[in-house]
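Have a look at the structure below, then the notes.
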Amino acid sequence: MKISLLGIFKIFCLIGIQLLGGGYVILPLLKKYLVEERNWLSENELIDYFAMSQCIPGIIAGNISVCCGYKLRKIWGALMAILGIITPSFIAIIIIANIINSILNCEIIQNAFWGIRISVIVLVLITVRDMWNNSVNSGFTYFIYFVSLGLLLLLPVSPALIIIISAVSALLYSKFRGRDNA
Amino acid sequence: MLKLYFLLFYEFFKIGIFAVGGGYAALPFLYYIQEKYNWFSLDELTNMIAVSNVTPGPIGINMATYTGYTTLGIIGSVISTAAVVSVPFIIAVIFMKLLSKYKSCNFINDIFNGLRPASCALLTSIAIKLIYTTLSEQNSTVHFPLKFDNLAIILFIILIIPFSFMRKNPLLVILFGAIGGIILKPLF
């Protein structure tokens with residue numbers, strides 16, 4: 001039986017509504033709705049797509065939705081999946097953007113946001129810790145990390161430049177290392 | 001005006017390509033946009049990050065929508081959101097087409113081996129910048145002697161100690177920060 005495009009859109013909307021606080025939350029949701037309730041995908045496929053989404057630039061939750069949607073109904077399925085995942089947050093953000101300035105006039109809210117700004121630093125630091133644990137684990141990765149950080153702190157370089165330079169050096173490094181092994 | 005739309009698309013398109021490793025990887029790019037174009041203030045950006053954490057949807061996409069909306073209204077939000085997802089969308093579709101042929105992606109893994117630490121370094125530099133601008137009473141340029149906002153440092157220490165031992169839980173961190181702000185700020 002062919003899965004309807006509208007059905008794909010609806011399911012991803014439903015997942016988008018429940019997606020609070022970051023990309024990794026999407027995995028259990030996809031498992032529940034696509035694997036367990038509907039049997040549209042197998043669990044192994046989902047794990048494959050998750051690994052793949054991390055190899056693609058961009059937002060993990062968006063990437064994995066595109067992969068699942070593509071599996072269900074090719075390109076149109078992928079389009080429905082990404083639209084579905086975006087729509088709830090898009091609407092929520094537009095509403096909040098409209099009311100935030102009037103809310104911020106209230107003193108209690110101002111104090112709360114003052115505290116939340118400090119929370120954001122804590123969140124960024126925790127993310128740095130997690131990224132460090134997942135990525136900085138060899139001589140080469142230490143080198144990339146500290147050279148990038150040094151450049152960023154001392155010169156006005158754009159983030160995109162840092163990413164390009166590190167991608168090129170990683171590619172060269174793997175080429176040379178590969179030749180040594182062979 | 002048309003140029004502004006184009007710039008908005010271009011900057012968020014870059015985030016779509018270069019932000020590696022989850023929603024927070026978009027932060028260094030947003031700070032870069034703030035400094036370069038001044039479309040929004042530093043405080044607005046930090047509020048925006050807080051709001052993105054407590055609304056549904058991927059944080060990176062939320063921030064694109066919010067920035068686009070505050071800069072150029074509803075059309076701006078559509079442009080920036082589309083820009084940020086377009087490249088990953090195309091790449092993901094190509095990957096899916098090739099998946100049956102190539103099961104593993106060694107070449108991509110090699111590149112990511114260098115991208116992830118660079119992305120981590122980008123976020124570290126943002127953390128340093130945030131610590132400086134939020135915990136001191138100055139803006140982004142460094143002036144000596146450093147003047148620190150003692151109250152902000154107290155709340156920072158209260159928050160960082162328990163949460164550095166825990167798994168990342170954005171909602172809880174934001175909730176405690178908000179409560180801390182409401183309680184501490186009127187006391188001093």
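Scanning the stretch B:27-77 for residues that are among the small types (Gly, Ala, Ser) and touching a residue at least 40 places away in the same chain (Cβ under 8 Å) yields B:Ala50, B:Gly60, B:Ala64, B:Gly68, B:Gly76.
Name the residues in the stretch A:5-20 that are in contact with a strand residue (DSSP E or B) (Cβ under 8 Å, 6 or more places away or on another chain) and open to solvent by 10 Å² or more (accessible area, probe 1.4 Å), would you?
Start the filter on the stretch A:5-20 by keeping residues that are in contact with a strand residue (DSSP E or B) (Cβ under 8 Å, 6 or more places away or on another chain), which leaves A:16-20.
Result: A:Ile17, A:Gln18, A:Leu20.
Can B:Val78 be described as closer than 21 Å to B:Pro170 by Cβ and within 9 Å of chain A (Cβ to nearest Cβ)? So B:Val78 fails the test.
Quick one: in the stretch A:139-151, which of the residues that are open to solvent by 40 Å² or more (accessible area, probe 1.4 Å) and not aromatic (Phe, Trp, Tyr) is farthest from the other protein chains (Cβ to nearest Cβ)? Restricting to residues being open to solvent by 40 Å² or more (accessible area, probe 1.4 Å) and not aromatic (Phe, Trp, Tyr), the top hit is A:Gly139.
Residue check: is B:Leu8 open to solvent by 30 Å² or more (accessible area, probe 1.4 Å), closer than 24 Å to A:Asn101 by Cβ, in contact (Cβ under 8 Å) with a residue 40 or more places away in the chain and of a type in the set (A, V, I, L, M)?
Values: open to solvent by 30 Å² or more (accessible area, probe 1.4 Å): no; closer than 24 Å to A:Asn101 by Cβ: yes; in contact (Cβ under 8 Å) with a residue 40 or more places away in the chain: yes; of a type in the set (A, V, I, L, M): yes.
No; evaluated as a whole, the condition is false for this residue.
Among the conditions (1) buried (at least 19 other Cβ atoms within 10 Å of the Cβ); (2) under 14 Å from the mean Cα position of the chain (by Cα); (3) at pLDDT below 90, A:Ile116 misses just one, which is (2). Residues of the stretch A:62-119 that are free of Cβ contacts under 8 Å to residues at least 12 places away in the same chain, under 25 Å from A:Ile47 (Cβ atoms), of a type outside the set (Lys, Arg) and more than 7 Å from every other protein chain (Cβ to nearest Cβ): A:Leu79 alone.
Might you check whether a residue that is open to solvent by 30 Å² or more (accessible area, probe 1.4 Å), within 7 Å of chain A (Cβ to nearest Cβ) and modelled with pLDDT under 85 occurs anywhere in the stretch B:21-34?
Let us first name the residues in the stretch B:21-34 that are open to solvent by 30 Å² or more (accessible area, probe 1.4 Å), namely B:21, B:32.
Those left that are additionally within 7 Å of chain A (Cβ to nearest Cβ): B:21, B:32.
Cutting the leftovers down to modelled with pLDDT under 85 gives us B:21.
Scanning the stretch B:21-34 turns up at least one residue that is open to solvent by 30 Å² or more (accessible area, probe 1.4 Å), within 7 Å of chain A (Cβ to nearest Cβ) and modelled with pLDDT under 85.
Within this structure, B:Lys101 fails the test of being basic (Lys, Arg), at pLDDT below 85 and either under 28 Å from A:Val128 (Cβ atoms) or part of a helix (DSSP H, G or I) (or both).
The values are calculated or read from the model by the stated rules, or taken from the named source; none is laboratory data. Keep in mind that this is a model prediction, so the values were computed, not measured. Don't worry about glycine lacking a Cβ; one is built from the backbone with ideal geometry, like all the others, and counts go over all protein chains shown. Ligands, DNA and RNA are stripped out before the accessible areas are found, and what is left, the full protein with its side chains, is counted by its heavy atoms. Shrake-Rupley method; radii C 1.70, N 1.55, O 1.52, S 1.80 Å.
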